[in-house]
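*Asks:* Mind looking over this structure? Questions follow.
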Amino acid sequence: MTSGETIRCGDERCEAAGAVPLTRAVDVMSHDLGHCFLCGVIAVNGGEMNGFNQMNGLREPRPNEDVRHHGITLLGYSHFTRKGIPNYWRYADRFVLADRFFTSMYGPTFPEHLFTVAASSNLIVGNKVDKQVPGGYCDDENEYAPRFRDGLSESDLERIMFLEERINEDPAYLDEIRALWRDYRLCFDMRVLPDVLEREGVSWKYYVTENAWNNALQAIRHIRFGPMWERVQPPAVFLEDLQTGNLPQVSWLVPPSIYDDHPGLHKSVCSGENWTVRQINALMRSPLWRSTAVVIVWDDYGGFYDPVAPPHVDIMGFGPRTPALIISPYARSGDNRLGGYVDHTAYEFSSVLRFIELLHRLEPLTERDANADPLSGAFDFEKPNFEKLILPVRTDCPY
């Protein structure tokens, strides 16, 4: 693919505006791209996948602001070649690339991370509003985010689905959706997969930076203020646990912010790729490689153009695709000369939870993971390949 579709918006509605060429992505992007919840709805545009140019990424929308009028940007109409992310491509060439892995909701970061531990965002649709106060989530009483209100009726849900599918037909549709949102304190209780793992005696850890935007478990009250908090530890502990043989049966590993591949904010994709390679190299060199499955995903689409329409399964999404890499001795082999396989099965973050649940004979948490495909196209447990792929870190990164 060498081009992407766009729209042009007036005061009344948006119309198709033709294709623009895709440019070469840069390692350090000048600024963030819009990827808020309504930004994602506009980008998907009822499956037309042509609204990505209507999201100016300089900031999140203010309350009651029409996100379509942030301004036009084409920075999201870009892509990396193999030269830009060579080691991610080498993993894809050797293992499994899931090319229909969708984000669980339209965006943004924090509620998407909730899906990775709970198969739900608790109807939260945004990041925290107050971004200046130290501390995070349950440790900051000032942190709130927009959330769909409780008690939505069946007719409400049907109406929201209708509005999301036709969002660019009338600017009033944005306000109608937002009218169903309420500010919500980001310290709450909901059932998460660690609860079930703990109950069933399956060891787990959540490796993440404390107070980080993507520390979803810090917003779960009974986790943050209960005995399970000791299993929420910094990312650096992952390698320590690996080296000492203390890696749990189930792990979430969230990179430090500087290495999370997020566009803008002076972050280098090259450096983020190197961080990932160091973790995978260490895992492959360990005895645990023979019994491990790694699923590498990115938490949201980041504002970048994608042509494949996501299924519209409920009011939260799905959102646009992000790639997923499944790295394991049990990864399915394909036609690539290095053995890689492209898996066209439709997945979302809840698919990873469903895989874990089936592996450990656990009941699903929500309707989402109950219905999710458990990565069924990615594995071949009858023909394992224990050969390791130790990759060199790149030397051309800015840091």
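The values are calculated or read from the model by the stated rules, or taken from the named source; none is laboratory data. Given the structure is predicted, the values throughout are model-derived calculations rather than measurements. Reconstructed Cβ throughout: ideal geometry from the backbone, glycine too, with neighbour counts over all protein chains shown. For the accessible areas, the whole protein counts, side chains as well, though only heavy atoms, and no ligand, DNA or RNA atoms are used. Shrake-Rupley method; radii C 1.70, N 1.55, O 1.52, S 1.80 Å.
*Asks:* Looking only at segment 21-53, count how many residues are hydrophobic (A, V, I, L, M, F, W, C) and either open to solvent by 30 Å² or more (accessible area, probe 1.4 Å) or part of a loop (DSSP other than H, G, I, E, B) (or both).
*Replies:* Residues flagged as hydrophobic (A, V, I, L, M, F, W, C) and either open to solvent by 30 Å² or more (accessible area, probe 1.4 Å) or part of a loop (DSSP other than H, G, I, E, B) (or both) within segment 21-53 amount to 8.
*Asks:* Next question, about the same structure. Considering only residues of segment 246-274 that are more than 18 Å from the chain's Cα centre (by Cα) and assigned to a helix (DSSP H, G or I), which is farthest from Y88 (Cα to Cα)?
*Replies:* S271
*Asks:* From the residues in segment 154-203 that are hydroxyl-bearing (S, T, Y) and over 23 Å from the mean Cα position of the chain (by Cα), which one is modelled with the lowest pLDDT?
*Replies:* Among them, the one singled out is Y173.
*Asks:* Oh, and also: Tell me the residue from S291, S328 that is over 19 Å from T81 (Cα atoms), out of contact with any Cys (no Cβ under 9 Å at 6 or more places or on another chain), open to solvent by 40 Å² or more (accessible area, probe 1.4 Å) and of a type in the set (S, T, N, Q), please.
*Replies:* Only one candidate passes the filter, namely S291.
*Asks:* Next question, about the same structure. Is segment 355-370 home to any residue that is aromatic (F, W, Y), under 24 Å from Y77 (Cβ atoms) and touching a residue at least 12 places away in the same chain (Cβ under 8 Å)?
*Replies:* First pass over segment 355-370, keeping only residues aromatic (F, W, Y): 355.
Right, trim to under 24 Å from Y77 (Cβ atoms) and you get none.
No: segment 355-370 contains no residue that is aromatic (F, W, Y), under 24 Å from Y77 (Cβ atoms) and touching a residue at least 12 places away in the same chain (Cβ under 8 Å).
Results for (1) within 22 Å of M190 (Cβ to Cβ); (2) among the charged types (D, E, K, R), shown as yes or no for each residue.
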site: A331; (1), (2): no, no
site: A346; (1), (2): no, no
site: F349; (1), (2): yes, no
site: L353; (1), (2): yes, no
site: A372; (1), (2): yes, no
site: A378; (1), (2): no, no
site: F386; (1), (2): no, no
site: L391; (1), (2): no, no
site: D396; (1), (2): no, yes
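*Asks:* Still on this model: Can you find a residue in segment 172-180 that is open to solvent by 40 Å² or more (accessible area, probe 1.4 Å), over 30 Å from L157 (Cβ atoms) and among the aliphatic types (A, V, I, L, M)?
*Replies:* no
*Asks:* What number of residues within segment 127-171 are exposed (fewer than 14 other Cβ atoms within 10 Å of the Cβ) and among the β-branched types (V, I, T)?
*Replies:* Here the count works out to 1.
*Asks:* Looking at (1) in a loop (DSSP other than H, G, I, E, B); (2) open to solvent by 40 Å² or more (accessible area, probe 1.4 Å), which one does L362 not meet, given that it meets all the others?
*Replies:* The one condition L362 does not meet is (2).
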